[in-house]
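Report on one structure; see the data block that follows.
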Amino acid sequence: MSVPLNDLKRAALREREALHAALARVADSGWYILGEEVRRFEAGFARYVGVTHAVGVGNGTDAIELALRALGAGPGRDVVTAANAGGYASAAIRRCGARPVYADVSEATMCVDAASVAAALTPATAAVIATHLYGRLADVAGIAALCASHGVPLVEDCAQAHGAARDGRRAGSFGRIGCFSFYPTKNLGALGDAGAVVTDDTGLDASLRALCQYGWRDKYDVRVAGGVNSRLDELQAVVLSLRLAALDERNARRRSIARRYSERIRHAAIAVPDASGDDYVAHLYVVRTPARASLQAHLAHRGIATDVHYPIPDHRQSAYAADRQRALPVTERLAAEVLTLPCFPELSDDEADRVIEACNDWRTGN
Ligand SMILES: *Cc1c(COP(=O)(O)O)cnc(C)c1O
């Protein structure tokens, strides 16, 4: 493909010298797990999000699992979440022994909203997970108010929304716990797996720190049940500190590509997203079309890579076919219509213009 969906090498080459120096510093230090670099990144990331605590963990799925464990989710309890967000939250919910209960999403945001969450709450609900899908903040204030009125904790899945802000508050600062992935393709990405949980609650911070390291409060002293081993490496932390400094600038570039697309793609059969606000950091640029296969084939023919995020909603996954779930009409319609176009900070204006031109040239039915 001559216009790739993403190309991680472009960023790595651009920051080559600083990256290699940082990696060498850690290699030379002789300290690789939970040291100075992890502490430095945790402090910097908490400050960036606007919360008091950040705990580095192994990946974003672990971040959600540990958040749920810290909030008491487990066997016999339900966790409400979206079914159109790639299945990560579902895996985390099942891993801690709880049951996922799906809320439908809104047409406008493609995220869960207060009304759909209210319809999915059960007496056994231990937590609600709101996913800021594709980099767009959900109606998180409305969902937080609903959760507060039911006494149910809100967890934000911010794996696609690093830096997305509304009224000066960033993703991860609205719920009891915010969960982040630093998988290489995310807006803030490591050179491998990494993640973090953030919170303003000092008690939860202590539980999360214990849970991610065998349940230890102090070395070899297990005080918290359900502990696992899920730590952020020093090597990844040093990369993340370096890249955190460039996050706002790279998000601005993502947004400007997204705006260019939304302003210039003009086709009766392609619905483009609103890319105008700070509450969207353009993790993925996702259009909707009733003739997806035709558009995808047309773009491939022009050398433009696309993907579908995500083709099978969680409640339709065959491994869990025995689970009975509520009907999710919007989720199902979206799964059939969404298509992701190339959008990453190092994409050039020329490449973006080729995508726009190819979309505008598409003849439906071909
Ligand atoms: C990537 C992602 C995760 C999981 O992160 P990993 O680090 O890959 O485990 C969770 N939720 C969402 C919405 C994601 O996009």
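The values are calculated or read from the model by the stated rules, or taken from the named source; none is laboratory data. Computed from a predicted structure; not experimentally measured. Cβ sites come from the backbone with ideal geometry, for glycine too, and all protein chains shown count toward neighbours. What goes into the accessible areas is simple: the full protein's heavy atoms, side chains included, and nothing from ligands, DNA or RNA. Shrake-Rupley method; radii C 1.70, N 1.55, O 1.52, S 1.80 Å.
Identify all residues within segment 242-251 that are open to solvent by less than 50 Å² (accessible area, probe 1.4 Å) and part of a helix (DSSP H, G or I); write none if there are none. Working first, answer last.
At the first step, the residues of segment 242-251 found to be open to solvent by less than 50 Å² (accessible area, probe 1.4 Å) are 243-244, 246-247, 251.
Selection gives ARG243, LEU244, LEU247, ASN251.
Out of all the residues in segment 143-175, which are closer than 15 Å to VAL80 by Cα and out of contact with any Lys or Arg (no Cβ under 7 Å at 6 or more places or on another chain)?
Selection gives ILE143, ALA144, LEU146, CYS147, ALA148, HIS150, GLY151, VAL152, GLU156, ASP157, GLY175.
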Count of residues meeting criterion [among the acidic types (Asp, Glu) and either surrounded by 11 or more Cβ atoms within 10 Å (Cβ to Cβ) or in a loop (DSSP other than H, G, I, E, B) (or both)] in segment 1-18: 2
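Within 11 Å of the ligand (Cβ to nearest atom), in contact (Cβ under 8 Å) with a residue 12 or more places away in the chain and open to solvent by 30 Å² or more (accessible area, probe 1.4 Å): is that true of TYR134 in this structure?
Details: within 11 Å of the ligand (Cβ to nearest atom): yes; in contact (Cβ under 8 Å) with a residue 12 or more places away in the chain: yes; open to solvent by 30 Å² or more (accessible area, probe 1.4 Å): no.
For TYR134, the condition - within 11 Å of the ligand (Cβ to nearest atom), in contact (Cβ under 8 Å) with a residue 12 or more places away in the chain and open to solvent by 30 Å² or more (accessible area, probe 1.4 Å) - is not met.
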Within segment 146-160, tally of residues that are within 16 Å of the ligand (Cβ to nearest atom), touching a Ser or Thr at 6+ places or on another chain (Cβ under 6 Å) and among the β-branched types (Val, Ile, Thr): 0
ALA118 being more than 16 Å from the ligand (Cβ to nearest atom) and at pLDDT 95 or above: yes
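In segment 321-352, which residues are hydroxyl-bearing (Ser, Thr, Tyr) and either in contact (Cβ under 8 Å) with a residue 60 or more places away in the chain or outside the structural domain of ALA293 (by TED's automatic domain parsing) (or both)? So that I can check it myself, show each step before the final result.
Going residue by residue through segment 321-352, those that are hydroxyl-bearing (Ser, Thr, Tyr) are 331, 340, 348.
If the condition is that a residue be hydroxyl-bearing (Ser, Thr, Tyr) and either in contact (Cβ under 8 Å) with a residue 60 or more places away in the chain or outside the structural domain of ALA293 (by TED's automatic domain parsing) (or both), then THR331, THR340 are the ones that fit.
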Residue under evaluation ALA293, criteria (1) open to solvent by 10 Å² or more (accessible area, probe 1.4 Å); (2) closer than 25 Å to VAL101 by Cα; (3) out of contact with any helix residue (DSSP H, G or I) (no Cβ under 9 Å at 6 or more places or on another chain), criterion not met: (2)
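Out of the residues in segment 106-115 that are open to solvent by 10 Å² or more (accessible area, probe 1.4 Å) and within 16 Å of the ligand (Cβ to nearest atom), state the one that is farthest from GLU337 (Cα to Cα). Show your work before the answer.
So in segment 106-115, the residues open to solvent by 10 Å² or more (accessible area, probe 1.4 Å) come out as 106-110, 113-115.
Now restrict to residues that are within 16 Å of the ligand (Cβ to nearest atom): 109-110.
Working: THR109: 15, MET110: 12 Å.
Within segment 106-115, the match that is farthest from GLU337 (Cα to Cα) is THR109.
Of all the strands (runs of 3 or more DSSP E) wholly in segment 164-241, which have at least 1 residues that are in the same structural domain as TYR134 (by TED's automatic domain parsing) and more than 16 Å from the ligand (Cβ to nearest atom)? Explain how you work it out, then say what you get.
On the way: elements: 177-181, 195-199, 216-218.
Per the criteria, 195-199, 216-218.
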Test: ALA130 is over 17 Å from ALA63 (Cβ atoms) and modelled with pLDDT of 95 or more: no
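Which residue out of THR331, THR306 is open to solvent by less than 10 Å² (accessible area, probe 1.4 Å) and either β-branched (Val, Ile, Thr) or in contact with a Ser or Thr (Cβ under 6 Å, 6 or more places away or on another chain) (or both)?
On the way: THR306 fails: open to solvent by less than 10 Å² (accessible area, probe 1.4 Å).
Result: THR331 is the single residue among THR331, THR306 that is open to solvent by less than 10 Å² (accessible area, probe 1.4 Å) and either β-branched (Val, Ile, Thr) or in contact with a Ser or Thr (Cβ under 6 Å, 6 or more places away or on another chain) (or both).
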In segment 192-208, residue most open to solvent (accessible area, probe 1.4 Å) [restricted to those that are in contact (Cβ under 8 Å) with a residue 60 or more places away in the chain and out of contact with any His (no Cβ under 9 Å at 6 or more places or on another chain)]: ASP193
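Suppose we filter GLY74, GLY58, GLY35, GLY30 for residues that are of a type outside the set (D, E, K, R), in contact (Cβ under 8 Å) with a residue 60 or more places away in the chain and out of contact with any strand residue (DSSP E or B) (no Cβ under 8 Å at 6 or more places or on another chain); which single one remains? Reasoning before the result, please.
Values: GLY74 fails: out of contact with any strand residue (DSSP E or B) (no Cβ under 8 Å at 6 or more places or on another chain); GLY58 fails: out of contact with any strand residue (DSSP E or B) (no Cβ under 8 Å at 6 or more places or on another chain); GLY30 fails: in contact (Cβ under 8 Å) with a residue 60 or more places away in the chain.
Result: GLY35 is the single residue among GLY74, GLY58, GLY35, GLY30 that is of a type outside the set (D, E, K, R), in contact (Cβ under 8 Å) with a residue 60 or more places away in the chain and out of contact with any strand residue (DSSP E or B) (no Cβ under 8 Å at 6 or more places or on another chain).
So which of ALA164, ALA148, ALA159, ALA144 ends up being over 19 Å from ASP205 (Cβ atoms), under 15 Å from the mean Cα position of the chain (by Cα) and open to solvent by 10 Å² or more (accessible area, probe 1.4 Å)? Steps first, please.
Numbers: ALA164 fails: open to solvent by 10 Å² or more (accessible area, probe 1.4 Å); ALA148 fails: under 15 Å from the mean Cα position of the chain (by Cα); ALA144 fails: under 15 Å from the mean Cα position of the chain (by Cα).
Exactly one residue qualifies, and that residue is ALA159.
From the list ALA46, ALA85, exactly one residue is touching a strand residue (DSSP E or B) at 6+ places or on another chain (Cβ under 6 Å), touching a residue at least 24 places away in the same chain (Cβ under 8 Å) and either within 16 Å of the ligand (Cβ to nearest atom) or under 14 Å from ALA130 (Cβ atoms) (or both). Which is it?
Values: ALA46 fails: either within 16 Å of the ligand (Cβ to nearest atom) or under 14 Å from ALA130 (Cβ atoms) (or both).
Going through ALA46, ALA85 in turn, just one is touching a strand residue (DSSP E or B) at 6+ places or on another chain (Cβ under 6 Å), touching a residue at least 24 places away in the same chain (Cβ under 8 Å) and either within 16 Å of the ligand (Cβ to nearest atom) or under 14 Å from ALA130 (Cβ atoms) (or both): ALA85.
Working only within segment 215-230, note down all residues that are open to solvent by 60 Å² or more (accessible area, probe 1.4 Å) and at negative phi.
Our first condition is that a residue be open to solvent by 60 Å² or more (accessible area, probe 1.4 Å); within segment 215-230, this holds for 217-220, 222-223, 225, 229.
Of everything in segment 215-230, those that are open to solvent by 60 Å² or more (accessible area, probe 1.4 Å) and at negative phi turn out to be ARG217, ASP218, LYS219, VAL222, ARG223, ALA225, ASN229.
Do any strands (runs of 3 or more DSSP E) entirely within segment 19-104 hold 2 or more residues that are open to solvent by less than 20 Å² (accessible area, probe 1.4 Å) and within 20 Å of GLY189 (Cα to Cα), and if so, which? If you could, list the steps in order and put the result at the bottom.
On the way: elements: 53-57, 78-82, 99-103.
Correct list: 53-57.
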